[in-house]
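Q: I'd like to ask you about the structure that follows.
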Amino acid sequence: MRQKIVAGNWKMNTLLQDGLELAKAVEELAKSKKCDAGIIIAPPYTHLAKVSEVIGEVKLAAQNCAAEESGAYTGEISPDMLISVGVEYVILGHSERRAYYNEDNDLLNKKVHLVLSKKLSPIYCCGEVLEEREQGKLFDVIKEQITVGLKGLSGDDMKNVVIAYEPVWAIGTGLTASPEQAQEMHKFIRDLLVEMFDTTVAENTTILYGGSCKPSNAEELFANPDVDGGLIGGAALKADDFIQIVNSY
């Protein structure tokens, strides 16, 4: 069975001390969770080393990484640097990285390969903006993001890949994809994985929903057969809300 996961993306929020308190609270609540879902948090880079010291049940992710192993890349953070502070997962291709920093599918494919070569697990994001959905291009957009971003991977590689579908039009807008819309796209992605790899890979790949998931709608979203958890934004900044989402299983 594929793993159920709830991951919290803190984005550019919290100072170090606040972040440590939040991580401790999530870890404490996670010890008494009422389900077998895996829990991941992705604090800012500045927090990673310290946060890794206060979690155990909860796993640690970075919000991004460089496409190069090392060298003269001022301001970048390499996968090896992340490993050295306890990181196990790396979020790649988040819509904000695509939109604000012009990260395209080819660059993200390079990052995916590098991350996997270092035995880290990428959480690879895909998603369409409102205009693309309204123009009926949503499936074409997702297909390109998945086929190019995961190009050249083997079935064994895919054992360590998590996919996150994030309808960009539902992030920070208060809008949420209906459970039916979420299931439709998650099934489309899973069917695409059958074409790219095989049925076994498709059935064992965890696909998260990331678009204004909160305690009030998590249970309904997670009830879909192809939704395997969530990549949570704002609600991940409150430990009680975040664990309530986890316990929606």
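Q: So which residues in region 23-40 are of a type in the set (A, V, I, L, M, F, W, C) and within 19 Å of the chain's Cα centre (by Cα), if there are any at all?
A: First pass over region 23-40, keeping only residues of a type in the set (A, V, I, L, M, F, W, C): 23, 25-26, 29-30, 35, 37, 39-40.
Within region 23-40, A23, V26, A30, A37, I39, I40 qualify.
Q: Can you work out which of the residues in region 178-205 that are of a type in the set (A, V, I, L, M) and more than 14 Å from K143 (Cα to Cα) is surrounded by the most Cβ atoms within 10 Å (Cβ to Cβ)? Walk me through it before giving the result.
A: The initial filter retains those residues of region 178-205 that are of a type in the set (A, V, I, L, M), namely 182, 185, 189, 192-194, 196, 201-202.
Within this subset, residues satisfying the condition of being more than 14 Å from K143 (Cα to Cα) are 182, 201-202.
Numbers: A182: 27, V201: 20, A202: 20.
This residue is A182.
Q: Which of the residues spanning region 73-112 are assigned to a helix (DSSP H, G or I) and farther than 29 Å from S212 by Cα? Outline the logic, then answer.
A: First, pick out the residues of region 73-112 that are assigned to a helix (DSSP H, G or I): 79-84, 95-101, 105-112.
Residues satisfying the conditions are D80, M81, I83, S84.
Q: Another question, then. Could you list all residues from region 139-154 that are assigned to a helix (DSSP H, G or I), more than 17 Å from the chain's Cα centre (by Cα) and surrounded by 13 or more Cβ atoms within 10 Å (Cβ to Cβ)?
A: Taking region 139-154 first, the residues assigned to a helix (DSSP H, G or I) are 139-149.
Restricting the remaining residues to those that are more than 17 Å from the chain's Cα centre (by Cα) gives 139-141, 143-144, 147-148.
Scanning region 139-154 gives F139, V141, K143, E144, T147, V148.
Listed here are the residues, each with its yes/no results for (1) touching a Cys at 6+ places or on another chain (Cβ under 9 Å); (2) farther than 18 Å from L92 by Cβ.
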| site | (1), (2) |
| --- | --- |
| G149 | yes, no |
| W169 | no, yes |
| L175 | no, yes |
| V194 | no, yes |
| K214 | no, yes |
| N217 | no, yes |
| F222 | yes, yes |
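Q: To continue, here is another question. Counting just the residues of region 121-138 that are touching a residue at least 12 places away in the same chain (Cβ under 8 Å) and surrounded by fewer than 23 Cβ atoms within 10 Å (Cβ to Cβ), which one comes out nearest to E88 (Cα to Cα)? Steps first, please.
A: Let us first name the residues in region 121-138 that are touching a residue at least 12 places away in the same chain (Cβ under 8 Å), namely 121-130, 133, 138.
From what's left, surrounded by fewer than 23 Cβ atoms within 10 Å (Cβ to Cβ): 121, 129-130, 133, 138.
Working: S121: 6, V129: 29, L130: 32, R133: 33, L138: 31 Å.
The qualifying residue nearest to E88 (Cα to Cα) is S121.
Here, each number is a calculation from the coordinates, and none is a lab measurement. These numbers were taken from a predicted model, which means no experiment stands behind them. Counting neighbours? That spans all protein chains shown, and the Cβs are built from the backbone with ideal geometry, glycine included.
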